[in-house]
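Below: one structure, written as structure tokens.
The values are calculated or read from the model by the stated rules, or taken from the named source; none is laboratory data. A quick note: this is a predicted structure, and the numbers were derived from the prediction, not measured. Heads up, the Cβs are rebuilt from the backbone with ideal geometry, glycines too, and the neighbour counts pull from every protein chain shown.
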Amino acid sequence: MKNKHLDKKKGMSRRQMLKLLGASAVTYGLLGASSKAFSKNAAHIVIVGGGIGGASAAKYLRLLNADVKITLVEPNPYYIFCPGSNEVIPGWVTLEDLMASYTTLKTRYKVNVIQDKATFIDYDKKQLKLEKGGVLSYHKLIVSPGPMHGYHAIEGFNKELAEGDFPSAYNAGRQTMTLRRQILSMKKGGTVIIAPPENDYRCPPAPYERASFIAAMLKEKNPSAKILILDAKDKFVLSDNYIFYWKKQFGYGTENSMIEWVPAKKGGKVVKLDVSNHAVITSDGQSHKGEVINIIPPEAAGLFAMQNDLADKQWCPVDFLDFSSMRHDDVYVIGDSVDGAPMPKTGYIASNQARIVVQAINDELHGREIGTPFLINDCVAMAGHDYGMALSTTFRYDGKGKRLKDLYYIPKVETNPVKQIVRQQVAENWQRTFRKDIFE
Ligand SMILES: Cc1cc2nc3c(=O)[nH]c(=O)nc-3n(C[C@H](O)[C@H](O)[C@H](O)COP(=O)(O)OP(=O)(O)OC[C@H]3O[C@@H](n4cnc5c(N)ncnc54)[C@H](O)[C@@H]3O)c2cc1C
């Protein structure tokens, strides 16, 4: 490991960067990008991961700079958004609704999209190796591989089981559909167990949003069924709002409640999956049987980041001025892999981090001082078709080596039914416009 803060921009001098731009590189905006072939000498920015962070970086870098060469490496031919994927479970939206293709990034924004998996970074040669044998030389590398799911942290659990009968469904896709099918075919009066992890993990309200949507589904199709939330923590974000809604809709807190939430201090933490008995074991040694078992395992930085020495123990440390890696020069990490607390791991944040990185890279390319970042997370969540909420936070740069400073705005529980619906609609519209913003 290199302590890059001793020689932060040693990777490339300002003069070298300016040279790379060439005479035409001061052009801004998209004008010219579609017609101009990339200059042989144009700076090459390579991005690993075509999810929310990576795709935002590609698009917004192009909007800032018509000349730079941008390559995006992503193994999948399309991206499926996780925001909105809880709604697939009751069938309110389909997975197809959440899919985005890379066509617009390729054709309109002139991003070279390579369908492959990045495997290895040669930091000395500034090269990225790909699984199918390709090698890409980069001037700057942006890494946004999403999180790695730590299935093995739960005894008896593993990726194969999550792909089979015990879906985590914490990456939108096949597992989401399995979870839906299992709930639809569950016997009358069956139990769905949801086991959320400790912090930090992507989208903190998502397990509780999921529980609410499943409850709505069961209320209609299987009203004697139960949802047991066995939690690895003692409190959860927006709990006042969720509990208010659960009381109103599902009798929460009464003997007949459809939803029961067990915090860690009351023995909620799941430590083992007992496959043969279709049960989970909690830290107090109790066994809980469930017809459907949805364990959301703890997370860490994506495997690619881990294998390439970008992470400390669990997450990737960055300089919050520009999200450059604290461990290697000319590499930036964004999205769920970042050691970013108090920033939550959300798509909203990943996309905003991407904008900060590309602005910083573009400033550096033009020999300008990097500006001070300011981030917003406007996390929307829902409890049902008739209840939405939002959690707005701003994050300010607080000086070198310090974490970002946060200022929370947690709205009070909304009791006015009209406003509840308005907030739900704001949340739903946000998902749609967010998808368009990144991929169109
Ligand atoms: C159920 C659920 C609901 C959510 N709802 C919301 C919401 O309402 N609002 C919100 O803001 N956020 C929400 N999120 C969180 C949001 O999805 C993530 O925070 C966001 O996707 C993080 O972006 P990312 O770029 O870090 O990772 P991702 O979007 O997961 O993208 C990572 C990409 O990297 C690729 N990749 C991985 N390894 C490699 C490699 N070696 N080479 C090349 N590519 C690679 C992957 O294929 C993937 O496409 C939700 C998450 C879940 C699970």
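General observations
- Counting the residues of the range 84-143 that are in a loop (DSSP other than H, G, I, E, B) and within 30 Å of residue 180 (Cβ to Cβ) gives 11.
- Picking from residues in the range 99-125 that are within 10 Å of the ligand (Cβ to nearest atom) and either at pLDDT below 95 or farther than 26 Å from residue 355 by Cβ (or both), the one that is surrounded by the fewest Cβ atoms within 10 Å (Cβ to Cβ) is 120.
- Filtered residue count, the range 72-98, keeping only those that are surrounded by fewer than 16 Cβ atoms within 10 Å (Cβ to Cβ) and touching a strand residue (DSSP E or B) at 6+ places or on another chain (Cβ under 7 Å): 1
- Being near the ligand (Cβ under 10 Å from one of its atoms) and buried (at least 21 other Cβ atoms within 10 Å of the Cβ) is a property that holds for residue 128.
- Within the range 380-398, tally of residues that are surrounded by fewer than 16 Cβ atoms within 10 Å (Cβ to Cβ) and in contact with a strand residue (DSSP E or B) (Cβ under 9 Å, 6 or more places away or on another chain): 4
- The condition (being over 26 Å from the mean Cα position of the chain (by Cα) and either assigned by TED's automatic domain parsing to the domain that holds residue 169 or not basic (Lys, Arg) (or both)) is satisfied by just one residue among 213, 244: 244.
- Of all the numbered requirements in (1) out of contact with any Pro (no Cβ under 6 Å at 6 or more places or on another chain); (2) over 30 Å from residue 243 (Cβ atoms); (3) within 15 Å of the ligand (Cβ to nearest atom), residue 356 misses one, and that requirement is (1).
- Residues of the range 258-275 include at least one that is more than 23 Å from the chain's Cα centre (by Cα) and of a type in the set (Phe, Trp, Tyr).
- The range 372-405: number of residues that are away from the ligand (no atom under 16 Å from the Cβ) and either part of a strand (DSSP E or B) or over 25 Å from the mean Cα position of the chain (by Cα) (or both): 6
- When 36, 69, 59 are screened for being surrounded by fewer than 16 Cβ atoms within 10 Å (Cβ to Cβ) and either more than 12 Å from the ligand (Cβ to nearest atom) or at pLDDT below 95 (or both), only 36 passes.
- Pick from the range 323-347, criterion more than 10 Å from the ligand (Cβ to nearest atom) and under 11 Å from residue 200 (Cα atoms), ranking: surrounded by the most Cβ atoms within 10 Å (Cβ to Cβ): 340
- Scanning the range 121-156 for residues that are hydrophobic (A, V, I, L, M, F, W, C) and under 22 Å from the mean Cα position of the chain (by Cα) gives 141, 142, 143, 148, 153, 154.
- Looking across 386, 437, 398, one residue alone is at pLDDT below 95, among the charged types (D, E, K, R) and more than 27 Å from residue 311 (Cβ to Cβ). It is 386.
- Pick from the range 188-226, criterion more than 16 Å from the ligand (Cβ to nearest atom) and touching a Ser or Thr at 6+ places or on another chain (Cβ under 8 Å), ranking: farthest from residue 268 (Cα to Cα): 188
- Members of the range 150-187 that are hydrophobic (A, V, I, L, M, F, W, C), part of a helix (DSSP H, G or I) and within 16 Å of the ligand (Cβ to nearest atom): 162, 177, 179, 183
- Residue within the range 403-420 that is among the hydroxyl-bearing types (Ser, Thr, Tyr), out of contact with any helix residue (DSSP H, G or I) (no Cβ under 9 Å at 6 or more places or on another chain) and surrounded by 15 or more Cβ atoms within 10 Å (Cβ to Cβ) present: no
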